[in-house]
Each structure stands twice: as structure tokens, then as C-alpha cells.
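Visitor: Once you've had a glance at the structure underneath, I'll fire off some questions.
Computed from the coordinates by the stated procedures, all read-outs in this text should not be read as laboratory data. Bear in mind that the values here come from a model prediction, so they are computed numbers and not experimental data. Backbone-built Cβ (ideal geometry, glycine too); neighbour counts: all protein chains shown.
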Amino acid sequence: MFLSQLNPDQHQNAIMALSGESFDVLVIGGGVNGVGAALDAASRGLKVALIESQDIAAGTSSRSSKLIHGGLRYLQQYDFKLVREALHERELLVSTLCPHLVKPVGFLFPLTEKFKERTYVGAGLALYDALRGFQRVMPWHKHLSQKQINEIAPSLRPDIIMGAIKYFDAQVDDARHTLSVARTAARHGAVIATRVSAESLIRNGKRVVGVNARDLISGEMLAIKATVTVMCAGVWSDELHANFDLKPGYNVTMSKGVHIVLPGSAIKSDAGIILKTPVSVLFIIPWADKWIVGTTDTPYTGDRAEPFANREDVQYIVDQANRVLTPQIKIADIIGVYAGLRPLVANNKGSVTTKLSREHTVDRPAPGFVSIAGGKYTTYRIMGRDVIDLAVNELRKLSPESVTEKLPLIGADGYFALVQQVERIADESGLDSQTVTHLLNRYGSLISEILDLIKADASLAKKLDADLPYLKAEIYYAVSHEGARSVDDVISRRTRITFEAHNQGLDLADAIAEIIAPVLGWSTKERKASVAAYESLVVRELAALDELLSESEKVNS
Ligand SMILES: Cc1cc2nc3c(=O)[nH]c(=O)nc-3n(C[C@H](O)[C@H](O)[C@H](O)COP(=O)(O)OP(=O)(O)OC[C@H]3O[C@@H](n4cnc5c(N)ncnc54)[C@H](O)[C@@H]3O)c2cc1C
């Protein structure tokens, strides 16, 4: 049995394996599609390695709307196959693959007109529910009376909202889920190495037989040998195709999507809200005791690693939400902002990005090299399966079929039974039941590993900050088991403090660095450098918000 633990020792071993061994499959990219492909291949019994140039989920896979959904708006495009496939994945994730991470969430679809809109939207939601087939983990949609709307969502403006329909989708902490897929792949033998960047291909004639990659920590080059290389580089695809001197069958257009985060008190509603906008839809999504509101959809050509929101993005979201909300949300309410880049597969140059399909494309631009891009988070498992189905043709040996439909992620095993034992776990551990529930929803049955840390050092049972749910043990665990290597990894992806706390959690950076420094073997200088690196990221990320805040202060003064 292999270990799912990712930490500095495992990283060292991974680097040695990458340069000393040869693999059936080498995956480039540790977003949800890359780790999904690695898990698919490893669970078929193949020898797999995955390299990620930043951190697991550092690209688009930590910056989504965090919805596991069929995609209501694809119904409008009559893309029933895509919706049915995504709804099947949604049911599978909620019921079997990772019920500790993917949870049902109710949404209100407010109606501003009494009859025509209700018939149209009602028919759409009936179709949405019907496309699930017989798997019914979530309730059927429901038409609400005015009284019910007022009770559920007092923040919806009664002067313009004539009705509403409630339906269900699911939500996930995307970065945590991507990490869980990576750790599950590691448990099935995949060698996972972050901060290793693919630079060029190793060729034998026309055939690609591996990748020259740089270990970004040591600066050394690694020649990684693999029978087939699988590229899952999202919005980096075009750049890598060019670096690798490949002629791909598709191009990837980037579209920026921004979200803002508000305190729970800013909007009074017991359900999420979906709004039609002139270009797309806007989601108001419950996120523990906060709201995530977004998104935008604008063409983008800037830095792929650091997409930032600008003042227009933030103002657009506030204006759209305020069309239906009372009291109105204010710029000063905003706790956090984040931006992500959609990888849209484009066959025709010059297409408007909102019209491109979210469906994925697999490609084989050279013998020994396959790639995948596009799609959406919800269908990562299908994308992993499809690209590995293509990759195994290169192995020239019989390979088993994908088994990921029947393969729960680490932490899923026994989750439903543990939920029934919250009080007992609380009694035995000395934690309160709210904290136990918080831990179960993040680690599932791996809660035992967190509790072991607390048993060994009781000070780790304390909260990192009174206003946030995270224990110090979780910060420690992020580096001892979850492969975090920097303050940014912990604040932005192992926890979501980056958008859950004011100032993007900068005030907690020192405390976090202190907890993780011994595990990472940092000197004082290295510790300070990691805090400083996060600080410079935050300054750039908060620029748009600061600009808007000072403008609104001027208007109000
Ligand atoms: C604003 C927004 C909202 C969204 N909301 C939803 C939603 O609610 N539901 C949904 O289903 N989908 C949603 N999506 C879509 C979904 O998030 C993406 O389709 C998905 O995350 C893409 O994953 P990926 O693995 O292809 O790309 P990424 O996550 O970007 O992964 C690519 C990885 O490749 C790495 N890489 C790049 N170059 C190299 C190199 N040279 N060597 C090694 N590694 C390299 C990068 O560092 C990166 O980590 C949303 C997208 C956006 C932008």
C-alpha cells in the first residue's frame, strides 16, 4: 500500500524517482484535470508521475465558483448531453466519491414576471431535474409562494420579485477537493511533485519519450522518462504547446471570472440565489457564514499565474447583485476578492468567449504525447478518463478500463457513520461538536490524523484565530500531510483564509509561518521570505478593492 501523505520527505523521494525511474504516464499540471488523470491512470495499475510547476490547484482549480452543477445555462444552449453528464457526476460526488467534500446547496431562481417567466424557468428546472435520471440524491425543484420567499430570503426586493423557484445543486471547496484527488492518486502509487516545471520534451525521432523539467526548489534539471506524456495545463496549454514545438488541434482562450466575498450579515437568505445577467448568470452562494458572489466573464490576455480583479469587475458584481437585493450591498462590506481564468477551447480564432462550449477536447499532437483542455470542474473525472483512454493507446500493452466511478477519494470511507458519531468524537477529543463537524467536512475519516496531532500536542487544538474555524492542527497538517510548502499555499488553498478574512489573512501570515517552519525545516530568513512573498501578492490583489473603497469614501464624504 502506498501512502497518501505529501510532505518534504515525500517530495525528496518524488524528485529522486522522477530522475531515476521511468513511467508509463507522466502528467503535466496539478489542477483538477491533471490530478484526475493521474488518479485514473494510477488506479488502472499504471506507473504514474505528476509534475506541477506551482502548488496543487494553484491555477484555475482553486478560483472557481465552487459549484458542482449540471449548468442551467447549458440548457438554454440545448446542450442536454453535457448537462446530463455533469448531473450524473454531481450525484456520484455527493453520494459516493467524496460526500465529505461535496454538499447539496439550495438556490432560489427569482422571477420578476408572474406567468411567462415562471412557465419558462419552471420547464427548464423540471428538465434539469429530469435529466438526473433515477439517481436522486437531491430534492426536486419547488415553486415558492410570496410568503415562502419572504421567509427564506428577506433580502430579495419584494417590489420587483414576483415569485421564485427553489432548486438544488452542490458545492465544494475546489482546492481541497483537488488536493484530495492528488492524495488519492498518491495512495494508488502516483509520484506527485509540486514546484517542478516542464520545460521541453525529450524525443526519440518523432516520438515523445519524456520531459525535461526544472525542480524550482533546487534549480536542477530533471530528465523524466515516460512512455506517454499527458498535458493537463488549462490556460497554460497554448504556451506549453509553443514551448514544446507542437502543432495542437485546438487553442485555449482565456476568460477572467471574478468573485467577491461578503459577510453573512450582508444578505439575509437561507438559500443561494441565481440571477440572469445580460451576458451570463450571477450566483450568490452561501459559504459557511459568508457569501461568495460572482462571476464575471471577460476576455483576458495578462499573466496566467496572477489574474487580478479590477475595479470594473468588482463594481459589475455589486451592481448586478443590487438589482434584486435590499438592503443594497456596499463596497465597504466586501471581505475578499478573487479572480480565475476559464480555459475555453477555441477552434475559431476571434470567437466571443461566452459563446464557446465548456466541453473538453482531447488531442494527440505527437506520438507519445496527448493533452486535454476545456470542460468544467464538475466533469473532471470524465476528462481524466477520456485523456487516459487516449493515452493508453501509446503504451502498446493491454490496459484495464477506468475504475474511478467506483473509487471513493481518501476520507470518504466511513464518512456517513462518523457524522452520526459527532458527539462521541467531541467527548473523546475534548473539541466542541461544531469543530468536529468542521473537521469532518474537510477531512472525512482522515479526521483521525488531525486528532492524533492534537493528542501529541494539545496546543494544536487551539484556533488559529477566533473569527475563523481553523485549528492550529490544520495548519500543521497542511505541511505534514498535504504538501503545502509556503505561507501562500496554506492561506490560499489548504485553508481559504485568503478570501475569508479581511486583508486576505495577512495579519495571520506570521502565526502560520511559525507553525509550519519546523516541519519545513525553515531558517528565520526563509520564514520571513515566505511571509514577504505572500504580502507582495496581497498588495497587488487588494489594489482594485482599495481603489473602489477610496472612491466610495470620497462620494460619501
Ligand atoms: C471564475 C470561474 C468559475 C468557475 N466555476 C466553475 C464552477 O462553479 N463549476 C465548474 O464545474 N467549473 C467551474 N469553472 C471551471 C473550472 O474551474 C475549470 O474548468 C477547471 O478548474 C480547470 O482545471 P484544469 O486542471 O484544466 O486547469 P488548472 O487548474 O489551471 O491546472 C493547470 C495546472 O497546470 C500547471 N502548469 C502550467 N504550466 C506548467 C508546467 N510547465 N509544468 C508543470 N505544471 C504546469 C499550472 O500551474 C496549473 O496548476 C470555473 C472557472 C472559472 C475561471
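Visitor: Please compute the alpha carbon radius of gyration of the chain, then divide it by the globular-protein estimate 2.2 N^0.38 Å. Two decimals is fine. Let's see the in-between values first.
Guide: On the way: Rg = 23.1 Å, N = 557, 2.2 N^0.38 = 24.3 Å.
It is 0.95.
Visitor: Further question on the same structure: Calculate, axis by axis, the spread of Cα positions in the stretch 167-237 along the three principal axes, and write the results as whole Å, longest axis first.
Guide: Computed over the stretch 167-237, the largest-to-smallest principal extents equal 55, 29, 26 Å.
Visitor: Could you work out how much longer the chain between Ala126 and Ser200 gets when fully extended? Use 0.36 nm per residue separation minus the Cα distance between them, nm to one decimal.
Guide: Working: separation 74, 0.36 × 74 = 26.64 nm, distance 4.98 nm.
Value of the extension gain: 21.7 nm.
Visitor: So, R0 is 41 Å and r is the distance between the beta-carbons of Leu407 and Asp303; what FRET efficiency does that work out to, to 0.05? Walk me through the intermediate numbers first.
Guide: Details: r = 36 Å, r/R0 = 0.88.
Efficiency computed from Cβ-Cβ geometry: 0.70.
Visitor: Give a residue-ordered list of calculated ³J(HN,Hα) values for the stretch 241-251 (Karplus: 6.51 cos²θ - 1.76 cosθ + 1.60, θ = phi - 60°; whole Hz; x for Gly, Pro).
Guide: Along the stretch 241-251, the couplings run 3, 5, 4, 8, 6, 10, 9, x, x, 8, 10 Hz.
Visitor: Let me ask something additional. Would you grab the residues whose amide H sits under 5 Å from the one on Val191? Only those 5+ places off in sequence or on another chain, please, with H modelled 1.01 Å from N.
Guide: Placed amide hydrogens put Val48, Ala49, Leu50 under 5 Å from Val191.
Visitor: Provide the per-residue ³J(HN,Hα) series for the stretch 154-159, in order, calculated from phi with Karplus coefficients 6.51, -1.76, 1.60 and θ = phi - 60°, each as a whole number of Hz, with x at glycine and proline positions.
Guide: x, 7, 7, 4, x, 6
Visitor: Give me, ordered by chain and number, the residues 5 or more places off Ala309 or on other chains with an amide H under 5 Å from its own placed amide H.
Guide: Ala339
Visitor: Per residue, how big is the convex hull of the stretch 415-544 when only Cα atoms are used? Give it in Å³. Display every interim value, and only then the final one.
Guide: Values: hull volume 13.2 nm³, N = 130.
Expressed per residue, the convex hull around the Cα atoms of the stretch 415-544 is 101 Å³.
Visitor: While we're here: Report for the chain the percent antiparallel among DSSP-assigned beta bridges with both residues inside it, nearest 5. If you can, show how the numbers build up before the last one.
Guide: Values: 61 of 81 bridges.
In the chain, DSSP labels about 75 percent of beta bridges as antiparallel.
Visitor: May I ask you to evaluate 6.51 cos²θ - 1.76 cosθ + 1.60, the Karplus curve with θ = phi - 60°, for each residue of the stretch 506-522 and list the ³J(HN,Hα) values in order in whole Hz, giving x for glycine and proline?
Guide: The phi angles translate into 4, 5, 9, 4, 5, 4, 5, 4, 5, 6, 8, 4, x, 5, 8, x, 7 Hz.
Visitor: For Gly368, which sequence-distant residues (separation of 5 or more, or a different chain) have an amide H within less than 5 Å of its own amide H, given hydrogens modelled in the peptide plane?
Guide: Val208
Visitor: Could you give the length gained by full extension between Gln328 and Arg136, i.e. 0.36 nm per residue of separation minus their alpha carbon distance, to one decimal place? Intermediate values should be presented prior to the final figure.
Guide: Values: separation 192, 0.36 × 192 = 69.12 nm, distance 3.64 nm.
Between Gln328 and Arg136, full extension yields an extra 65.5 nm.
Visitor: Once you keep just the Cα pairs under 8 angstrom separated by 6 or more residues, what percentage relative contact order results for the chain? Write out the running numbers ahead of the final one.
Guide: Working: 1116 pairs, mean separation 106.8, N = 557.
Result for the chain is 19 percent.
Visitor: Treating only the Cα positions of the stretch 234-295 as identical point scatterers, give the base-10 log of I(q)/I(0) from the Debye formula at each q in 0.16, 0.20, 0.23 Å⁻¹.
Guide: Log10 I(q)/I(0), no solvent term: -0.65, -0.77, -0.89.
Visitor: Taking just the alpha carbons, could you work out the radius of gyration and Dmax for the stretch 32-128, both in angstroms?
Guide: For the stretch 32-128, the Cα radius of gyration and maximum Cα-Cα distance read 17.8, 59 Å.
Visitor: Can you work out the PRE-style zone for Gln5? Point 7 Å along Cα to Cβ, and I want the residues of the stretch 426-448 with backbone N under 17 Å.
Guide: 446-448
Visitor: To continue, here is another question. Under a point spin-label approximation (7 Å from Cα along Cα-to-Cβ), what is the Thr437-Glu312 distance to one decimal in nm?
Guide: Here the modelled spin labels are 4.3 nm apart.
Visitor: Right, here's the next one. If packing is taken as the mean number of other Cβ atoms within 10 Å per residue, what is the order of 45-58, 440-453, highest first? Walk me through the numbers before you get to the answer.
Guide: Details: 45-58: 24.4, 440-453: 19.5.
Highest-to-lowest ranking by the protection proxy: 45-58, 440-453.
Visitor: Set Lys and Arg Cβ to +1 and Asp and Glu Cβ to -1, take the dipole of the chain about its Cα centre, and tell me which of Ile335, Ser269, Phe80 lies farthest positive.
Guide: Towards the positive end, the residue furthest out is Phe80.
Visitor: May I pose another question? Please give the residues of the stretch 256-299, grouped as numeric ranges, whose backbone N is less than 19 Å from a label point set 7 Å along the Cα-to-Cβ vector of Ala242.
Guide: Zone members listed by number: 256, 299.
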